[in-house]
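The values are calculated or read from the model by the stated rules, or taken from the named source; none is laboratory data. Not measured: the values here are computed from a predicted model. Cβ placement follows ideal geometry from the backbone for every residue including glycine, while neighbour counts extend to all protein chains displayed.
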Amino acid sequence: MRAGLVLSEVGQGLRRNISMVVSIILVTFISLTFVGAAILLQFQINQMKGYWYDRAQVAVYLCTAYTEGGNCNETEATSQQKADVEQALKTAPLSPLIKHYEFEDHAQAFKHYQEQFGKDDSAGFVTPDFLPETFWVNLKNPDQSDVVIERLSNQPGVDDVVDQRKYLQPIFNVLNVASLTAIGIAALMLIAAVLLIATTIRLSAFSRRREVGIMRLVGASNRFIQTPFILEGVVAALIGSVLASGAIIALVHFFVQGYLNASPSGIPFVSMRDALVVVPIVIVGGAVLSAISGAVAIRRYLKV
Amino acid sequence: MIRFEQVSKLYARNSKPALNKVDLEILKGEFVFLVGASGSGKSSFLRLVLREETVSQGQIHVLGQNLRKLRGRKVPYFRRNLGVVFQDFRLLPQKSVFENVAFSLQVIGKSKAFIGGAVDEVLKMVGLAGKSTRLPHELSGGEQQRVAIARAIVNKPAILLADEPTGNLDPATSAGIMTLLSRINAGGTTIVMATHDAGIVDRAKQRVVELVGGQIVRDERQGGYQTQSVPVKLQAPPPKVPTLGTEE
């Protein structure tokens, strides 16, 4: 009985304020899409960090006959020097930090080079002895690369020691800025959405002030009076958040999986599973936000 | 039923109190007229009983509740024991007679079966049994007021408050409304009615409480709109309270 009455009041209110309701739906739709996109970007960043930091290694480049810098002086690293480097990696100060390391000789380096750049024109100029032999060192804790760099930089036969994470940092910075921008836009739009919901509910309460007045007079409880108004905002916001969820799923399905994943890049992208984690966040967030703003907006009408 | 003890009501931005140290007791089953000029405090009195306003000073007890101590969220449940009728009827224009009366029961969560029976019964009592499907604008003023009364009493309140219920009606219709109110009173409901209508008060021969400037100047059993006896009480000067400053 009461539920039916409340729902019919909600339906009436939605129909009466149709233009405001449509604007609530659109604003929550857009703002929550941005929220979802920001969350997905953060997932993407974490996923890439995990992926790359797992692979990112400290490269100990050894001298070639063509290297001028470092400790090289255009002399190929001798096998004694290589053994010394390897010895350093195996023993005390460094070995506890290292998960594993591997040695890449000229032939392997050339093979990787060809794999990476394929039949590019420049491939013809590069010969195996042009590419340095390298110790690829994988650390237990990637943050401790400084120790390796310090220990090996001055070792004879070593050209340079590079922490490859530094190449990734700019990418993460860009992604972080993008996700912060999305959050910023989302926050602004959410403020607009909250104010719009509050205004709509006040309008709705104003257009029904006779009913509200009589309800208060005959002793309807505050909860009974306010529920239809709050539900009105929640229903509109829920429609918006369902649309936003659809947009997020579509984004992942068509853009990430259909476009980005179509060309093999070796970069792990967010999957549909991540999108399905975002959907409930967006829907519950939209409902809770609208319920709170509605409850605050209607409170003034319920002072007894 | 209703007891006022030294009740004062001050509104913000108005140094003159709407009610000033009012003492009054209304017993169960009484029919009390509140008379007095506009601005004398009649409406404030009713609003205080209804707990639409809170007292500034003093205590009000209604139906065993101290209204000063009544918590805000308990107010709706308190009001279910009161019925109210206004000069302007306050019906919902898009609802039928039946729906208007039923509305007040729906919103306090009564069952559909109960509502059907109670509304039919009360409409019969106020004499509108055949007009339950009409809309308010299809009814005369007197009939609209009967709907409002039906809505006020359908939940069988202990007290019925009426704020100039005949203010918009012609004398013949007013008499009909008064007959109805007397009948309700005879059923045991306490009635407090604010009015300007001298004829009604004089004919009814009920208790009359007269307010002037927020103070009770007369409380007469079987009184008239104007006092029959010499204005005795008027001579008793109101207690002087400098802070409230009622003297002109």
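Does segment B:120-177 hold any residues that are under 19 Å from B:E30 (Cα atoms) and of a type in the set (D, E), and which are they?
The answer is B:D163, B:E164.
Name the residues in segment A:56-74 that are in contact (Cβ under 8 Å) with a residue 12 or more places away in the chain and either surrounded by fewer than 16 Cβ atoms within 10 Å (Cβ to Cβ) or in a loop (DSSP other than H, G, I, E, B) (or both), would you?
A:A56, A:Q57, A:C63, A:T64, A:A65, A:Y66, A:T67, A:G69, A:G70, A:N71, A:C72
Return the residues of segment A:75-90 that are hydrophobic (A, V, I, L, M, F, W, C) and in contact (Cβ under 8 Å) with a residue 24 or more places away in the chain; say none if nothing qualifies.
Residues satisfying the conditions are A:A77, A:V85, A:A88, A:L89.
Taking segment B:44-54 as the region of interest, how many residues are touching an Asp or Glu at 6+ places or on another chain (Cβ under 9 Å) and either more than 14 Å from chain A (Cβ to nearest Cβ) or over 16 Å from A:L217 (Cα atoms) (or both)?
Within segment B:44-54, residues that are touching an Asp or Glu at 6+ places or on another chain (Cβ under 9 Å) and either more than 14 Å from chain A (Cβ to nearest Cβ) or over 16 Å from A:L217 (Cα atoms) (or both) number 1.
State whether the residues of segment A:164-182 include one that is part of a helix (DSSP H, G or I) and closer than 30 Å to A:I230 by Cα.
Yes.
Out of segment B:94-126, which residues are outside any loop (DSSP other than H, G, I, E, B) and among the polar types (S, T, N, Q)?
Once the filter is applied, which keeps residues that are outside any loop (DSSP other than H, G, I, E, B) and among the polar types (S, T, N, Q), segment B:94-126 yields B:N100, B:S104, B:Q106.
Which condition number in (1) without any contact (Cβ under 8 Å) to a residue 12 or more places away in the chain; (2) at the interface with chain A (Cβ under 8 Å from one of its Cβ atoms) is the one that B:V84 fails?
(1)
State which residue is surrounded by the most Cβ atoms within 10 Å (Cβ to Cβ) when the search covers only segment B:96-115 and only residues that are more than 9 Å from chain A (Cβ to nearest Cβ), of a type outside the set (S, T, N, Q) and touching a residue at least 12 places away in the same chain (Cβ under 8 Å).
Selected residue: B:V101.
Please find, among A:F43, A:F29, A:F34, the residue that is modelled with pLDDT of 80 or more, touching an Asp or Glu at 6+ places or on another chain (Cβ under 6 Å) and under 30 Å from A:V234 (Cα atoms).
A:F43
Here is a check on your reading of the model: is A:T28 surrounded by 15 or more Cβ atoms within 10 Å (Cβ to Cβ) and either of a type in the set (S, T, Y) or more than 28 Å from A:D146 (Cα to Cα) (or both)?
yes
Tally up the residues in segment A:191-218 that are more than 16 Å from A:V6 (Cα to Cα), within 10 Å of chain B (Cβ to nearest Cβ) and either of a type in the set (D, E, K, R) or crowded, with 20+ Cβ neighbours inside 10 Å (or both), please.
Residues that pass the stated criteria total 3.
Could you tell me which residue of segment A:129-163 is nearest to A:E74 (Cα to Cα), considering only residues that are hydrophobic (A, V, I, L, M, F, W, C) and part of a strand (DSSP E or B)?
A:V158
Does A:A237 fit the bill of being under 22 Å from A:N17 (Cβ atoms) and either touching a helix residue (DSSP H, G or I) at 6+ places or on another chain (Cβ under 9 Å) or within 14 Å of chain B (Cβ to nearest Cβ) (or both)?
Spelling it out, A:A237 is indeed under 22 Å from A:N17 (Cβ atoms) and either touching a helix residue (DSSP H, G or I) at 6+ places or on another chain (Cβ under 9 Å) or within 14 Å of chain B (Cβ to nearest Cβ) (or both).
It is to be established whether one or more residues within segment A:261-274 are in contact (Cβ under 8 Å) with a residue 12 or more places away in the chain, under 30 Å from A:M215 (Cβ atoms) and crowded, with 17+ Cβ neighbours inside 10 Å.
No.
Give B:R68, B:R90, B:R73 a once-over and let me know the one that is within 8 Å of chain A (Cβ to nearest Cβ) and at pLDDT 90 or above.
So the residue among B:R68, B:R90, B:R73 that is within 8 Å of chain A (Cβ to nearest Cβ) and at pLDDT 90 or above is B:R90.
How about segment B:16-69: which strands (runs of 3 or more DSSP E) wholly inside it have at least 1 residues that are of a type outside the set (A, V, I, L, M) and over 19 Å from B:V217 (Cβ atoms)?
It comes to B:31-35, B:57-62.
Of all the residues that make up segment A:220-233, how many are buried (at least 21 other Cβ atoms within 10 Å of the Cβ), small (G, A, S) and within 11 Å of chain B (Cβ to nearest Cβ)?
1
Any residue in segment B:43-66 that's within 15 Å of B:E5 (Cβ to Cβ): show its pairings with residues that are among the small types (G, A, S) at Cβ separation under 6 Å, as long as the two are six or more apart or on different chains.
B:S56/B:S8; B:Q57/B:S8; B:G58/B:S8
Per-residue answers, yes or no, for (1) small (G, A, S); (2) assigned by TED's automatic domain parsing to the domain that holds A:F269; (3) at pLDDT 90 or above:
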site	(1), (2), (3)
A:R151	no, no, no
A:Q169	no, no, no
A:T200	no, yes, no
A:R209	no, yes, no
A:S221	yes, yes, no
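From the residues in segment A:85-103 that are hydroxyl-bearing (S, T, Y) and surrounded by 11 or more Cβ atoms within 10 Å (Cβ to Cβ), which one is farthest from A:V60 (Cα to Cα)?
Among those residues, the one meeting the criterion is A:S95.
When the residues of segment B:154-171 are narrowed to those that are surrounded by fewer than 21 Cβ atoms within 10 Å (Cβ to Cβ) and within 14 Å of chain A (Cβ to nearest Cβ), which ends up farthest from B:N185 (Cα to Cα)?
Ranking the candidates gives B:N155 first.
Go over the candidates B:R68, B:R80, B:R90 one by one and state the one that is over 24 Å from B:I184 (Cα atoms) and of a type outside the set (S, T, Y).
The conditions single out B:R68.
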